[in-house]
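Visitor: I have a structure here, written as structure tokens, and I will follow up with some questions on it.
The values are calculated or read from the model by the stated rules, or taken from the named source; none is laboratory data. None of the values given here were measured: they were computed from a predicted structure. Reconstructed Cβ throughout: ideal geometry from the backbone, glycine too, with neighbour counts over all protein chains shown. We work out accessible area using only protein heavy atoms, side chains counted, and drop any ligands, DNA or RNA first. Shrake-Rupley method; radii C 1.70, N 1.55, O 1.52, S 1.80 Å.
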Amino acid sequence: MDEVIQVTQWLSSITPRKKAKLFFFTTHADAPSPMVGSNDVDTHEETQLPLATTVALHNFKNIDEFLKKKVNTFSCYNVIENEITKTDYEYLRFNSACKYLDVVPPFLDLEKISAIQNKFEMTDEERDYRLLLDSADLVLEKVCDSLKPAGVSQMWTALRKDRNLIRGVKTIDIIGFFVDPNPTGIKECLIFFIVRFLQKADKINRVNTNRLERLIAQCDESSSCEEGKTIDFIIDSLRFYPTELYPFGFCLIMCVIEGRHGAMQEIEKTMEISRHLGMITHTEKNPTKETIELVKKELMKPKYQFYSSFTCWFMSHGDSNSMVLADGETIEREWFLTSFPDISTFQLKPKVFFMVSCRGANKFSLKGDEFEGQSATCDYYDIGSALIRNRMLDITDSVRDISYVQPMMDTLVAYSTILDHLSGRANTHGTIYVDRACVPMSENISRGRSLTEILEHLSQDLHEILQETMDEDRIVYKQACHYDSFFRKTLKLPYTRHPKEDVHSAPQ
């Protein structure tokens, strides 16, 4: 059959809603640029114009033409062996979006897709189409599905009132002030236009969504939300780090085995946690400084930008400032922690570090009356929110910026013990911290909970345990863990825990 006929038949089989979503996923806002094969032409009009005309004319002709052009580009594309091009990214994103929406073209060249995946050096696990879907876009799709056409129309009206933001934007004028988002698929096109416009204007990204939340907050709940949804529910969904679908993220496990009893059990337990949470895992036994540098270089490879989060377990001996490596050399803990968050492939994504080592030799020893706790009370004052607002600074959009980010932002560092203190271990089971961390992260109670909530549960559990030193003094002591957070959103642990089981049903 002629390819033109095949493409036409394929497009005619897709519902308007799915066409809008396929266009949205295919025009991913954070696609790398510039890349090999890309040019300096601003793609804003290319991505916004089809959405604008579809909303204005209630006609999907331009979106159909856009999708046809993509398919034709892929059909004629010759995969270059060594260089990763912009088309490589687009091809993988397009294929994944089609699978997610259950609209895979029968004529899509799977051998080309496999060849592109080879260029990215993807493992079998990483070839799962869900890895290539952008989690932030999936969250925005859920926001769209939670709103009625009237709600999206109210968002549009609120956006149009911001004259400084929309001044001189031709695609805004094409849509006009009043729109009818009720025809099938038009609501999706309009909200996706709003989202991509705010992203292109550097007003929102995968972490900074306040500007979008403010538009949603102006909607009338009674007329704008689908059944069972509320404005608060929709806004709350934007306040979590986007980690939708499988995998939850990439997990790096580094463990010094030499001179550490139970180290292999630590590896097994952390790997089990990683598998349980649906992460793709890499383990480095007995790391050296050279190993760490090689791992950092590996994480700079393009394929890692597809991951939604990064987790690192580092287990070794240590003192207040440093950690002991397998060859006896030491590295500064601060150097380790500040070098990984700056890796570009994980910018604007949650990065979690579990630092499992002693940070000194002090112990919180328990003696006699010291078992008895003390209680304290304090006074609470109810300060009216209006009073607070009246005293707050008026921070305008002109003095806000989301383009430049401190490297440590979106990072959480969890320590197995507090500064200058021991981190306890059992000869047969490894560190107590790792052993206890397995419990709350593996239990059903952690499904859908925030990571910090689980860490607080772990802190309570660990501090209840009476430990004993292994020397001749046999001192009984308690251990206190803690974490430092630079998070700007909440990191929620996944609800679905079976990475090989795809529970997804195709969106409408």
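Visitor: Somewhere in segment 465-477, is a residue closer than 30 Å to VAL139 by Cα and touching a Leu at 6+ places or on another chain (Cβ under 6 Å)?
Guide: Within segment 465-477, not a single residue is closer than 30 Å to VAL139 by Cα and touching a Leu at 6+ places or on another chain (Cβ under 6 Å).
Visitor: A follow-up question, please. Tell me, which residue of segment 126-175 that is charged (D, E, K, R) and surrounded by 18 or more Cβ atoms within 10 Å (Cβ to Cβ) is farthest from the chain's Cα centre (by Cα)?
Guide: Here the residue is LYS148.
Visitor: Among the residues of segment 407-416, are any of a type in the set (D, E, K, R), touching a residue at least 60 places away in the same chain (Cβ under 8 Å) and touching a Leu at 6+ places or on another chain (Cβ under 9 Å)?
Guide: The answer is yes; a qualifying residue exists.
To keep it simple, each residue is scored yes or no on (1) surrounded by fewer than 16 Cβ atoms within 10 Å (Cβ to Cβ); (2) at pLDDT 95 or above.
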residue	(1), (2)
ASP2	yes, no
GLN6	yes, no
GLN9	yes, no
LYS18	no, yes
THR27	no, no
ASP30	yes, no
SER33	yes, no
VAL36	yes, no
VAL41	yes, no
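Visitor: Yes or no: ARG239 closer than 21 Å to SER308 by Cβ, touching a residue at least 24 places away in the same chain (Cβ under 8 Å), of a type outside the set (A, V, I, L, M, F, W, C) and out of contact with any helix residue (DSSP H, G or I) (no Cβ under 6 Å at 6 or more places or on another chain)?
Guide: yes
Visitor: Checking the structure you have, find out if any residue of segment 234-247 is in a loop (DSSP other than H, G, I, E, B), surrounded by 19 or more Cβ atoms within 10 Å (Cβ to Cβ) and touching an Asp or Glu at 6+ places or on another chain (Cβ under 6 Å).
Guide: Yes - at least one qualifying residue is present in segment 234-247.
Let's see how each residue does on (1) in a helix (DSSP H, G or I); (2) among the small types (Gly, Ala, Ser); (3) closer than 17 Å to LYS19 by Cα:
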{"residue": "ASP88", "(1), (2), (3)": "yes, no, no"}
{"residue": "TYR91", "(1), (2), (3)": "yes, no, yes"}
{"residue": "PHE94", "(1), (2), (3)": "yes, no, yes"}
{"residue": "PHE107", "(1), (2), (3)": "no, no, no"}
{"residue": "ILE116", "(1), (2), (3)": "yes, no, no"}
{"residue": "GLU121", "(1), (2), (3)": "no, no, no"}
{"residue": "ARG130", "(1), (2), (3)": "yes, no, no"}
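Visitor: Could I ask something else about it? I'd like to verify a number: residues in segment 54-105 that are among the β-branched types (Val, Ile, Thr), within 26 Å of LEU190 (Cα to Cα) and either surrounded by fewer than 21 Cβ atoms within 10 Å (Cβ to Cβ) or at pLDDT below 95 (or both), how many?
Guide: Residues that pass the stated criteria total 3.
Visitor: Determine which member of the set VAL71, VAL143 is part of a helix (DSSP H, G or I) and either touching a Pro at 6+ places or on another chain (Cβ under 7 Å) or assigned by the TED database to the domain that holds PHE310 (or both).
Guide: Result of the check over VAL71, VAL143: VAL71.
Visitor: Quick one: which of ILE253, ILE257 is touching a helix residue (DSSP H, G or I) at 6+ places or on another chain (Cβ under 7 Å), in contact (Cβ under 8 Å) with a residue 60 or more places away in the chain, open to solvent by 10 Å² or more (accessible area, probe 1.4 Å) and within 30 Å of ASP327 (Cα to Cα)?
Guide: Answer to the selection: ILE257.
Visitor: Could I ask something else about it? Inspect all residues belonging to segment 262-273 and state whether any of them is surrounded by 15 or more Cβ atoms within 10 Å (Cβ to Cβ), touching a Ser or Thr at 6+ places or on another chain (Cβ under 7 Å), on the phi > 0 side of the Ramachandran plot and assigned to a loop (DSSP other than H, G, I, E, B).
Guide: yes
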